[in-house]
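These notes concern the structure reproduced below.
We did not get these values from a lab; they are worked out from the coordinates using the rules stated. Here the structure is a predicted model, which means the values were calculated and not measured. Glycine also receives a Cβ, built like all others from the backbone with ideal geometry; neighbour counts cover every protein chain displayed.
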Amino acid sequence: MRVALFSDHFYPELGGIQDSILASATELGARGHAVAIVAPAASPRDYARAGLAVAEPDLGPTVTVHRQFALPAPGSTGQSRLALPTGRRWRQLAAFRPDVIHSHSFLGLGLEAMVAARRLGVPLVGTNHWAAGAISHYAPFARDAVAGACWRALAGYYNRCTWVSAPSRATLRDMRAHGLRRPGAVVSNPIDTARFRPPVPGERAAAKARLGLGNATVLFAGRLGPEKRIDVLLRALPALRRRVPGAELVLAGHGTARPALAALAGELGIATAVRFVGTLSHDALAEMCRAADVFAIASTSESQSMVLLQAMSAGLPLVGARDGPLAERITPETGVLAEPGDAEAFADALATLLQRPDLRARMGEQATRAVAGLGVPAVTDVWQDVYDRARRGDALSLPSNWSPSCA
């Protein structure tokens, strides 16, 4: 099978969309399928922001990356690029002869994917990774109106696809509420469960010693952008430290909000209890997960949160905002929910877990079990089935090998 993947967000930019595409393309290639990835061209500065050498990732001999001219665009990573649609890029795929096109974006290259599918006469599968809140957060005013317009634009684009997926029930529900009519289902982003695994006995203590972490470490990883509401975690830390004196917050990632977050930590008098460790490789992030005690996320702009799944796979209990996609994963068995934006509620939830090692252990075990079916091979099985049905022109409802663990 020959599959073309289009995305406006790709390596070296930091994010779950990028990780999902890299993992799926590599697995499809390892199975003998030919994959062409159409993505924006990145600048040397984009690689430098992530601490990476300027080179394409090694995805295997049957996976090729086709970079498109793109302009710098606003975004919290400082790496975002926008490829202006020309309606002509489909010609680059004519020789590749894709059986199916999978669009991971509704922006410039998403529009190119739509044109390519029509010109080449192949089915277009679409995945929406975006929550409108993430986009509207950057609007200077009328954010609710901007969010509504974004959702309607999303639905309008994905109504032109043969089949549509979203990584969470909440995201797919919001798309339907704003006009999505095409058939589709929830398909999770894939996790490297072999890399993000729970620590064996004694490994957490050893990892803490190597990384210089204490015995009450709260971890957040991801873009350091205003939409992630990391400020809520910082504001929770003083109250948390009054109950758990050694509590510390580790922030892994990079982004435009870092200076403001560092300044806020100073204002709150907690600068020595907050560690900015920068963007970590997957191996380093997995080790950090095994060294930490709790994973916390205050964002209300997630479509699923890849790093949340990775933390779960690594056996971390969770504290997160009571928001649709997060609430699907953070259950009473795996963690504690707090009201969005409520720093005191986050402090209470974190203190509850940090003061109860037995509870943390139990929730961590349940978290790992909850995502055990979301490994890269299992999720790729779903996509392989979707692609095969689409190219044959079969009716697409749920894949034949559908499992509740994929939802």
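A few points about this structure:
- For CYS289, CYS150, order by how many other beta-carbon atoms lie within 10 Å, fewest first: CYS150, CYS289
- Amide H contacts under 5 Å for ALA73, placed H, 5+ residues apart: SER80, ARG81, LEU82
- Once exposed loop chymotrypsin sites (Phe, Trp or Tyr not before Pro) are cut out (DSSP; at most 11 other Cβ, 10 Å), longest piece of the chain: 142-407
- Length-normalised contact order for segment 203-372 - Cα pairs under 8 Å, 6+ apart - percent: 25 percent
- Computed from the C-beta positions of SER43 and ASN215, the FRET efficiency with R₀ = 45 Å rounds to 0.60.
- Potential lengthening between SER281 and ALA149 on full extension [0.36 nm per residue; Cα-Cα distance subtracted]: 43.9 nm
- A cut-off under 15 angstrom between Cβ atoms defines the neighbours of GLY108, and their net charge, with Lys, Arg +1 and Asp, Glu -1, is +1.
- Over the chain, dividing the summed -39,500 (n - 2.57) contributions of all DSSP H runs of at least 4 residues by the number of residues returns a 222 nm mean residue ellipticity of -12000 deg cm²/dmol.
- Taking the chain and dividing mean pair separation by its residue count, relative contact order in percent (alpha carbons under 8 Å, at least six apart): 16 percent
- Those trypsin sites (Lys or Arg not before Pro) in segment 156-203 that DSSP places in a loop and that have at most 11 other beta carbons within 10 Å: ARG181
- Here the simple spin-label model places points 7 Å from the Cα toward Cβ, and for LEU268 and GLU56 these points are separated by 4.3 nm.
- Interchain or long-range residues, amide H under 5 Å from ALA221's placed H: ALA252
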